[in-house]
Each structure stands twice: as structure tokens, then as C-alpha cells.
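Here is the structure we will look at, set down as C-alpha cells.
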Amino acid sequence: MILISGEALIDLIPDPEKASGYDAVLGGSPYNVAIGLARLGSQTAFVSRISEDGNGEALAAGLAENGVDLRFVLRDQRPSTLAFVMRGTAKTGSRYSFYLDATSFDGPWPFPAVWPPAGRHLHVGSISAVDSRHGERVVEALASARSHATVSYDPNIRPLVTPNRESVAALVERQASLAHIVKASEEDLLWLYPGRAVEDSLAAWAKIGPRFCVATLGERGALAILGGERIAIPARRVEVIDTVGAGDSFMSALLSAMDRDSALGDGSAAPDRAAIEKWLRFAACASAITCTRKGSNPPTRAEVEAALHR
């Protein structure tokens, strides 16, 4: 089982054809990663707080319908968390404005008190990892999980939520040092370390603990650092409809590819260059498919494999 920890929320996406002006969509970066992993065939569980309101019921149902285990989800009486999405381009990505206070997000994060025997991997990320309410608890959970499983981390920076760059960068580095795999977007890295090349930031992270680090570069593909090696893969060319969820699809597909190759879990061997190239191509293909759809709608394994063979 792969445990995915983070927020579940309602994305309000601009839609001029709707009377409200917005289309309400189930979302949250870790929520999307959990669904993406399940669709790709990995046994997946979600660790989160979800409201008991109507939106929360829809969020929980969306996970269950895709086969995600809900045993580590805490249901909260407060309303669901909201995110207003401002559409971006293939180069810049979308922007988000969040409503977190006095919602289901605003409470202790429900990591399991005892690590589940079947849990071979923990993935954490997004605002639930770097927000001041949860950051230290995430550090503790990462440190604890490393004794039993492999760990991955995606900071998925939202500057409107975490405006203090210096304190956030310090927290991100602590969390990255406890992970075996770290993934970030180019935008994340440029916000965390302005004026420093993305490759230099990845290389710095690779020296503090992870087996390898990955940066997604939008239409330029992805870059990984493995020790002193630089591994670059191009993006697949598609007609972009929407970039919402593209990075989450990349993350879920990367973990799924590693899972299929028995590269996750306590005792798994460190990867080599050929393995990482294979995983990145699979992840880039899943991400590209998501970009051809409205909203976060990650592909199945059959869809990715068919696209890879075309």
C-alpha cells in the first residue's frame, strides 16, 4: 500500500458558461495524486481531513469510486476547503487562491499512530506539508515513516498561502532531507531560490538525503539529478486544454512506475540512470494526457501504455 498524505478540497475553476462563473471540481494536489495512483493500478490509501458537508461527501466518494482506501481519513464537521483557480498557460501553470481557516484543513493531520504493516511508501506534499499548522507534524511523520518505508515529497509551493520565503525554504529543506524521492516544479524552485538555476537547486537537494530529485519543466519536459548525473527527458507534444493536475499526474505516474518495478518499500535498492529515465518517460506521458483534458482527470495505466506505444 502507498499512503498519500495531504489536502482534499474543492477547486473552483473559471467557466464562463456557468451562471456562477465557476465549475466546482474535486481537487487538492495530494487528492489528485491518490486518485492518479489508484487509476494506474497501485494499492493506495489517503491520509487527510475531509469535511462531513456535501462537498466532503463528494470528495470521499471520488476516492472510494477510484479504489482509494479511506481508513486514514478523518471526517470533520467544519466546511470543505476551497481553492479558486486562475488558469495559466502551458508555460506558467495555473494559480490558486485558498480558503483554509475554519475548514476541515484546520486541525491536526491524522497520520497513523502505528505504521500499517502493509504500508511500503509514504508520499506527502503541497500546502498541508508547508503550512505552519502542519509542517512540524509532517517532519515527524517523514522521520517515522523512513524506519518502515520509502518516502517521497513534493512541496508544490503556493506563494499566496506561504508568503515567508525564508522560513518555507528552511522547512522544505528539512522535509526534503527525509525523503528518498523529491519532485518539484520549476516554479517551486524559482520561488524558493530566486536567482539560482533549477539544476543547481536540484543538485543541492540531492546532497542532503534523497536518492534522486526531479524538476518538472512544463513544455521542456523534466530533469532529474541522481548523484552527480543529470537525466533530462523531453515533454510529449499534445494540444493543451488545461494544465490543472498535470504535475499531480506526473507524481502519481512516477510512483506507479517505481511501484511496478519494486522500487518502493523498505529495503528497495537505489535506482540507476536507466530506471529513472524509464520512470520519467512514463510520468511525462501521464502528465501530457492530463493536459488534454479539462481539470485534473488522470489517465489509467492502459491509456498511458497505449500512448507510449503510439
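Taking Rg and Dmax of the Cα atoms in Å as calculated from this structure, the corresponding entry among (i) 17.7, 54; (ii) 18.6, 68; (iii) 21.9, 76 is (i). Rounded to the nearest 500, what is the chain's calculated 222 nm mean residue ellipticity when only DSSP H runs of at least 4 contribute -39500 (n - 2.57) each, over all residues? Here the helix-only value at 222 nm equals -10500 deg cm²/dmol.
Under the rule a/c < 1.5 gives rounded, and otherwise a/b versus b/c splits prolate from oblate, where does the stretch 202-310 land using the Cα gyration tensor? Present the calculation step by step, with values, prior to reporting the outcome.
Details: a/c = 2.02, a/b = 1.54, b/c = 1.31.
Prolate, since a/c reaches 1.5 and a/b exceeds b/c.
Please get the size of the charge dipole for the stretch 213-310, origin at its Cα centre, with Cβ charges of +1 on Lys and Arg and -1 on Asp and Glu, quoted in debye to the nearest 20. Please report the intermediate quantities before stating the final value.
Details: 12 positive and 12 negative charges, 65 e Å.
In total the dipole reaches around 320 debye.
Just to be sure I follow the rule: in the stretch 2-309, considering lysines 8 or more places apart or on different chains, how many pairs have Cα atoms under 22 Å apart?
Going through the stretch 2-309 pair by pair, I get 5.
Considering only beta bridges that DSSP places wholly inside the chain, some 40 percent are antiparallel. Taking the number of Cβ atoms within 10 Å of each Cβ as an exposure proxy, the fewest-first ranking of L226, L190, L264, L255 is L190, L226, L264, L255. Ordering G245, G107, F212 by Cα displacement along the dipole of the stretch 2-309 toward the positive end leaves F212 in first place; charges were set at the Cβ atoms of Lys, Arg (+1) and Asp, Glu (-1).
Please order F72, F250, F282 by the number of other Cβ within 10 Å, starting at the fewest. Please list the in-between numbers first.
Working: F72 17, F250 28, F282 24.
Fewest to most other Cβ atoms nearby, the residues stand as F72, F282, F250.
Dipole magnitude for the stretch 2-309: about 560 debye, using +1 per Lys or Arg Cβ and -1 per Asp or Glu Cβ, origin at the Cα centre. In terms of surrounding Cβ atoms within a 10 Å radius of their Cβ, E140, E52, E239 rank from fewest to most as E239, E140, E52.
Any read-out appearing in this document is the output of simple, stated calculations on the displayed coordinates, not a laboratory observation. All of these numbers come straight from a predicted model, not from anything done at the bench. Virtual Cβ from ideal backbone geometry, glycine too; neighbours counted across all protein chains shown.
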